[in-house]
1. Across segment C:89-102, what is the total count of residues that are more than 8 Å from chain A (Cβ to nearest Cβ) and at pLDDT 95 or above?
2. Could you check segment B:23-37 and list, in sequence order, the residues that are in contact with a Gly (Cβ under 7 Å, 6 or more places away or on another chain) and modelled with pLDDT of 90 or more?
3. Of all residues being of a type in the set (A, V, I, L, M) and either open to solvent by less than 30 Å² (accessible area, probe 1.4 Å) or assigned to a strand (DSSP E or B) (or both) in segment C:9-22, which is modelled with the lowest pLDDT? Just the residue, please.
4. Just checking, does segment B:55-76 include any residue being modelled with pLDDT of 95 or more and more than 22 Å from C:Lys2 (Cα to Cα)?
5. With the checklist (1) assigned to a loop (DSSP other than H, G, I, E, B); (2) among the aliphatic types (A, V, I, L, M); (3) over 17 Å from C:His78 (Cβ atoms) in hand, flag the one item C:Val33 doesn't pass.
6. Could you list, in sequence order, the residues of segment A:1-30 that are over 30 Å from C:His78 (Cβ atoms) and of a type in the set (Asp, Glu)?
7. Pairs under 8 Å by beta carbon, first residue within 22 Å of C:Leu63 (Cα to Cα) and without any contact (Cβ under 8 Å) to a residue 12 or more places away in the chain in segment C:19-47, partner part of a loop (DSSP other than H, G, I, E, B) and open to solvent by 30 Å² or more (accessible area, probe 1.4 Å), six or more apart or different chains?
8. Within segment B:69-88, count every residue that is away from chain A (no Cβ under 14 Å) and surrounded by 13 or more Cβ atoms within 10 Å (Cβ to Cβ).
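The values are calculated or read from the model by the stated rules, or taken from the named source; none is laboratory data. This is a predicted model, so every value here is computed, not measured. Backbone-built Cβ (ideal geometry, glycine too); neighbour counts: all protein chains shown. The area values use the complete protein model at the heavy-atom level, side chains included, leaving out ligands, DNA and RNA. Shrake-Rupley method; radii C 1.70, N 1.55, O 1.52, S 1.80 Å.
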Amino acid sequence: MKFSEVTVVRIYLTETGELQKTLLAKLHDEEKVRGVTVFRGVSGFGRSGKVHSSTLLDLSLDLPLVIEFFDKPDKVNHILTHLRKILPAGHVVSWNAHVNED
Amino acid sequence: MKFSEVTVVRIYLTETGELQKTLLAKLHDEEKVRGVTVFRGVSGFGRSGKVHSSTLLDLSLDLPLVIEFFDKPDKVNHILTHLRKILPAGHVVSWNAHVNED
Amino acid sequence: MKFSEVTVVRIYLTETGELQKTLLAKLHDEEKVRGVTVFRGVSGFGRSGKVHSSTLLDLSLDLPLVIEFFDKPDKVNHILTHLRKILPAGHVVSWNAHVNED
């Protein structure tokens with residue numbers, strides 16, 4: 001089995017706002033990444049300071065969203081640099097991994 | 001683009017039981033991690049020995065849950081040590097990654 | 001706290017087709033991995049060339065699915081080799097991580 005290197009990226013957002021749409025459109029139309037998957041969390045909290053502890057698992061109108069993609073490390077580097085101005089600091093996590101080639 | 005090191009943690013649970021609530025409350029109130037996201041799986045199986053092969057994709061009353069968070073490696077280390085007694089062995093996966101700082 | 005090495009695997013599929021069922025049955029019955037979780041994405045696009053940009057976040061009948069599991073690196077290697085013929089190239093991402101042992 002043959003593998004090649006990729007960088008996996010997870011961008012942590014919430015459903016509110018247009019950022020997710022902007023990012024998805026850019027990743028698809030401009031950056032042409034191999035593939036993107038969007039996951040919706042069922043609960044969570046962020047740096048906003050909002051305290052949800054008593055109803056932490058209740059449905060919320062502002063659920064967490066994760067935009068995930070992977071591509072060659074160089075390409076990911078370029079993408080993150082291009083998108084730098086619209087990516088919220090502290091919300092883009094990336095690491096190296098392998099993908100099957102055949 | 002500036003990155004700093006983080007450790008990503010994924011804790012694999014199921015919806016049954018109070019552990020998820022306890023963990024979320026502790027991560028939020030006591031450990032004060034940057035952010036936590038909870039994902040619900042649509043299917044799965046664990047070490048319980050329960051055989052689901054024939055109906056593997058049917059909806060279940062005990063769906064998998066993943067609690068995910070990331071923070072500085074030292075802080076994550078502390079958190080996992082603090083929470084050690086309530087974390088089920090073999091269910092907490094962690095790895096190093098980078099987060100965007102600006 | 002004691003950790004041991006694992007390899008995490010994420011297999012990116014869509015809901016269409018039988019591959020997910022075949023894979024889950026094999027992972028459960030034949031490969032006997034510790035545990036598997038299946039996540040459904042709420043949106044995404046892949047290499048198919050299908051353009052979803054205008055309705056990128058609409059519900060679709062062919063939503064993304066991710067099959068995730070982890071196990072000892074040697075065992076994961078074996079599993080991926082066994083399943084090689086049914087795993088779609090470019091859709092299996094893996095990386096090393098740690099799991100808590102106690």
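1. 5
2. Of everything in segment B:23-37, those that are in contact with a Gly (Cβ under 7 Å, 6 or more places away or on another chain) and modelled with pLDDT of 90 or more turn out to be B:Val36, B:Thr37.
3. The selected residue is C:Leu13.
4. No, there is no match, as no residue in segment B:55-76 is modelled with pLDDT of 95 or more and more than 22 Å from C:Lys2 (Cα to Cα).
5. (3)
6. Residues satisfying the conditions are A:Glu15, A:Glu18, A:Asp29, A:Glu30.
7. Within 8 Å, the pairs are C:Lys21/B:Leu57; C:Phe45/C:Val51; C:Phe45/C:His52.
8. The qualifying residues number 9.
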